[in-house]
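So the structure is just underneath, and the comments pick up after that.
What follows is calculated from the coordinates using simple rules that are stated; it is not laboratory data. None of the values given here were measured: they were computed from a predicted structure. Heads up, the Cβs are rebuilt from the backbone with ideal geometry, glycines too, and the neighbour counts pull from every protein chain shown.
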Amino acid sequence: MRGLYYIVLVLFTIKFCSCSGICKENEKTALLRLKKEANDPTNVLSSWVDKEDCCNWEGVLCHNVTGSVIELSINGWDWSELKGLKIDDFQWLSSLENLDSLDMSGVDLSEATNWTEVINMLPSLVSLRFSNCSLHSIPPLFDHNSSVLENLDLSLNNFGSPIPGWVFSFGSLVSLEFTGSNFTGSFPEGPFNLTSFTTLRASSNSFGSVLPQWLFDLSNLEYLDLSFSGLEGPIPNGVGDFTKLTYLSLASNNLNSTIPNWLYGCKNLETLVMKDNSLEGTVSDSISNLTSLTSIDMSENFLSGKLSSVIGKLWKLEDLDLSENRFEGEVSEIFNTMNDCPPIGSGNCSSLRTLRLNDNKLIGNLPKSFGQFSNLQFCFISNNRLEGVLTEEHFTNLTNLKFFSASKSNLTLRVSSDWIPSFQASDIVMGGWRLGPDFPLWIQTQQSIMNLDISNAGIVGEVPTWFWNLSSQIRFLNMSHNQLIGEIPTFSISDSSMGSGGPWLIYLSSNNFSGLLPHIPTMVTELDLSDNTFSEGLTSFLCDKKNESYMLEILHLGGNRFSEEIPDCWMNWPELRVVNLGENKLTGGIPRSIGVLSNLKSLDLKRNKLSGPLPSSLNNCTRLWKIDMNENELDGNLPPWFGTLSKLIILSLRSNKFDGELAPELCQLNDLQILDLANNNLFGAIPRCVNNFTAMVNGRKEIRDGDDEMDYSYYVGVFRESARVATKGNMYQYDTILSLFTSMDLSNNNLSGNIPMSLTRLVGLRSLNFSHNQLTSSIPRDIDKMNVLESLDISNNQLSGEIPQSISSLSSLSYLNVSHNNLSGQIPVSTQLQSFSPFSFTGNKLCGLPLVERCSKNPKVENEEEEEEEDDNEVEWFYVSMAIGFIVAFWGVSAPLLFIRPWRHAYYRFLDRTWKSWHT
């Protein structure tokens, strides 16, 4: 009896092992047929040899008793070769009637049009995985009611069609995986009988539809991921029992409702991800029911109200992300509640590892209880309205803190000079804190620091020598907007950091650093030393190491005291995307070698003493978005090759000595949003092709794939494009909204001719200045088409005629100047026009408000009098015409009767007969 027991035990132990000598011949033949018919460039099926037992082949699993193939798993893709197995037909599969698991992930099935019939071929099939199989269609499936299929994986394909209803019609279905399959359209109409269904993974699709109600009636659902799927509308409310759900992700869709009440009843929920939607309203205190939660991510929504203090009672919570919402109230509440932990051993609150509350409207100070979260590793609380003083006690037990980001708040750190923090952080971002006036010595203890932002921190004086040594390991250093002085030594990178790759960013702008520019390692990618007092030339910095190629992408040296000429050695800097040498004292011409910078997007040389023509080599910089050379002494004609810079958005050559006519090639700049050629010696007519400035028609340039909204830095928002624009009679600096502004300024030149009618097609233009030229004719009558125009200056020209009545329709107009022309007539009446200063209209022959000159007659009355005079004339001519007509008609009939006897006798005989016929 004991022997029988051991035999049975061994049989059960090896049930699912591959055993030699038991492979069924017909199944082996079927598999060899597959190998023969398949295209196998990487020898995935190389172990399938006729002389071997098929149960020992790779990817084949047999039942140890019957010898039947029960599992077939073929990983068809070879990532090292970037090619893989291709199968076009499944007729061989019908022989594997006992197969319960088929996995062909990575096999190319693009030509296997009958792939859905696999489900009917295999009556025992429980699991089918066709992930990443290049499937592009999903045919209908019939007569599948007897199927026992439980798991279906069709992820990473490209169907481009809605999910068919048969997919949800398997009564034994447990799991569906559709991740990245490009399903589109609505979900099939339910309900479906899915009593065993637990898992739906359908992220990264393009449904473009609302969530189906029946999906939220599946009481056994445990895992639901519909993130990045183009879902829209509200989240269904009023669903049934959803208590078994442990994972829910609806992230990165277009959902626009409040948080549904049923969510607060999911007591087993562990992970909740609803980020990047348009959810609104508040978070209910009922969230305290979700005691199993370990991760919450509701970031990037429109949630508002006070932070629910009960969130702090979710003792198992490890990751909390409520960033980029509209939460308000005291930040201390959530921390104080978190500190009220249950006894150790019953699940204490020290499990919190990640806290993200940044970009909200939270106020107050961090409480001292903040320092009690010993497991906290990542803390993001930047961009709030926090204020107050933090001391050493606030950081007492934060021994695991690695990333602390709390910039752009009104906080003060007050610690002793010998303070040694309990943490070793890699990232410390405290821009905007009050850390000065002394340089914070505690930074010296942070031996693992890689990213440090202590900008705008009120630090005064020289930077300690030990810090420059420590900076060799810092990949992102921002100490801008302080009052630091002294020279900067040559930067170096530590040996331990040399091979790590990635960006190296140095931002030291807006201080009082002086002396020569420091040499930088070739690995540095962004350098901003603007608005300091560096002097002398640039030659030693740019040209010393001619045989080395630098990785630098952003170079901002504007606002210093550099003199001499710009050196001609830009070939050492091939990766540069931004060059800003503006607001210095540089002289001479623009070097030709700057044209080798094929990656250049922004070139700013404004407010120097540069002279000569523009080098033709600049036309090689075809990726340029911005050229700003205003306030120099550059001369010559505007080159026609400007038209080849098709990506140009900003062209500012204001206040130079350019002459000649405006080249029509300028009109090829479809993306141009800001054109400033004011204060030069240009002459001739304004090109009629200005309506080709498409961005001025649409209000901004067309956003294409890969565009990054003129944000150049590796870290979003650290270095954005900016421009000084003349509008509304003043100079303004635009940066964050620069991409939304459009402007054309050709003022203070010698332009002549008419204002082209095509100008009014620029319906997205916000600022227009043609003042101080020699323009003639009239103001275009359809100027009202430019309905977003905010500033219009056409003063000091020779324009004549009336101000068009249509100008009163420009509701956005906040600045207008038409003074010193030859305009006449009444100023059109509107609420806006009469609110402008009289100086906007002086120097013309205009009348009416806001001028003191009153019009001599009401134009409307005068028109009525003219119309009455015209009516009187019409009456007089009517009678004259009637008299002439009578005379002509009378003598046309009477004269022949009087002077021609036969006609007269015939006429009398006609009258005689007519008289007799009436009386008989």
Can you return the lysines within cross-link range of LYS36? Criterion is Cα-Cα under 20 Å, with same-chain partners fewer than 8 residues away left out. LYS24, LYS28, LYS51, LYS83, LYS86
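How do CYS689, CYS55 line up, fewest other C-beta atoms within 10 Å first?
The fewest-first ordering by Cβ neighbours comes to CYS689, CYS55.
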Burial-style ranking of 728-734, 443-449, 172-178, average other-beta-carbon count within 10 Å with highest first, yields 172-178, 443-449, 728-734
Kindly put VAL107, VAL167, VAL210 in sequence by how many other C-beta atoms sit within 10 Å of each C-beta, fewest to most. VAL210, VAL167, VAL107
Using Cα atoms only, what is the angle between the long axis of helix 859-899 and the major principal axis of the chain, expressed in degrees (0 to 90) to the nearest 10? 60 degrees
Would you please give the residues with an amide H less than 5 Å from that of GLY388, counting only those at least 5 places away or on a separate chain, with H modeled from the backbone geometry? THR412
Provide the FRET efficiency to the nearest 0.05 for the ARG385-VAL852 pair, computing r from the beta carbons and using R0 = 60 Å. 0.75
Taking the alpha-carbon centroid of each part, what is the distance from the stretch 825-854 to the stretch 294-322 in angstrom? 59 Å
Only bridges with both residues in the chain count here: give the DSSP antiparallel percent, nearest 5. 10 percent
To the nearest 20 debye, the chain has a Cα-centred charge dipole, built from +1 on Lys and Arg Cβ and -1 on Asp and Glu Cβ, of 840 debye
Table column - 3J(HN,Hα) (Hz), the stretch 712-729, Karplus curve with 6.51, -1.76, 1.60, x for Gly and Pro: 9, 6, 4, 9, 4, x, 6, 9, 9, 5, 9, 7, 8, 10, 8, 7, 6, x
Exactly which trypsin sites (Lys or Arg not before Pro) in the stretch 241-277 are in a DSSP loop and have at most 16 other Cβ atoms within 10 Å? LYS244, LYS267
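Take MET571, MET104, MET710 and order them by how many other Cβ atoms sit within 10 Å, fewest up front. Intermediate results must be reported in sequence, preceding the final value.
Details: MET571 14, MET104 25, MET710 20.
With the sparsest Cβ surroundings first, the list reads MET571, MET710, MET104.
May I ask you to derive the FRET efficiency for GLU633 and ALA685 from their Cβ-Cβ distance with R0 = 35 Å, giving the value to the nearest 0.05?
Working from the Cβ atoms, E equals 0.85.
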Sort out for me the Cα centre separation of the stretch 110-131 from the stretch 514-548, rounded to whole Å. 64 Å
Scan the stretch 575-629 for trypsin sites (Lys or Arg not before Pro) in coil per DSSP, keeping those whose Cβ has at most 14 other Cβ atoms within 10 Å, and list them by number. LYS585
Which whole-number percentage describes the relative contact order of the chain, with Cα contacts under 8 Å and a sequence gap of 6 or more? 3 percent
Between 0 and 90°, nearest 10: helix 25-37 axis offset from the chain longest Cα axis: 40 degrees
Using 1/(1 + (r/R0)^6) with R0 = 60 angstrom and r between the beta carbons of SER809 and THR396, what's the FRET efficiency to the nearest 0.05? 0.35
Long pairs among LYS244/LYS361; LYS275/LYS313; LYS244/LYS316, criterion Cα-Cα beyond 24 Å: LYS244/LYS361
Once you keep just the Cα pairs under 8 angstrom separated by 6 or more residues, what percentage relative contact order results for the stretch 370-470? 23 percent
Additional length obtainable on full extension of the chain from ASN336 to SER292, 0.36 nm per residue less Cα span: 13.8 nm
Which one, SER196, LEU651, TRP166, projects farthest toward the positive side of the charge dipole computed for the chain from Cβ point charges (K/R +1, D/E -1)? LEU651
Label point at ARG561 placed 7 Å out along Cα→Cβ; residues across the stretch 513-555 whose backbone nitrogen lies under 12 Å: 513-516, 532-537
Across the stretch 408-418, in residue order, what do the Karplus-derived ³J(HN,Hα) couplings come to in whole Hz, using 6.51 cos²θ - 1.76 cosθ + 1.60 with θ = phi - 60° and x for Gly and Pro? 6, 9, 9, 10, 10, 9, 10, 10, 6, 5, 9
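Treating the beta-carbon of each Lys and Arg as +1 and of each Asp and Glu as -1, no other charges, what is the dipole magnitude of the stretch 424-624 about its Cα centre, to the nearest 20 debye?
520 debye
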Whole-Hz couplings from phi, Karplus 6.51/-1.76/1.60, listed for the stretch 832-838; x for Gly and Pro: 6, 4, 6, 8, 6, 5, x
Can you match semi-axes √(5λ) of the Cα gyration tensor in Å to one of these, (i) 49, 35, 32; (ii) 77, 29, 28; (iii) 69, 51, 32, based on a calculation from the structure here? (iii)
If you average the alpha carbon positions of the stretch 265-288 and of the stretch 418-462, how far apart do those two centres end up, in angstrom? 36 Å
Here, ASN237 and SER284, labelled 7 Å along Cα→Cβ, have an inter-label distance in nm of 0.9 nm
Set the bar at 30 Å for Cα to Cα. Now go through LYS657/LYS785; LYS601/LYS657; LYS306/LYS408; LYS408/LYS609 and name every pair that lies beyond it. LYS657/LYS785; LYS408/LYS609
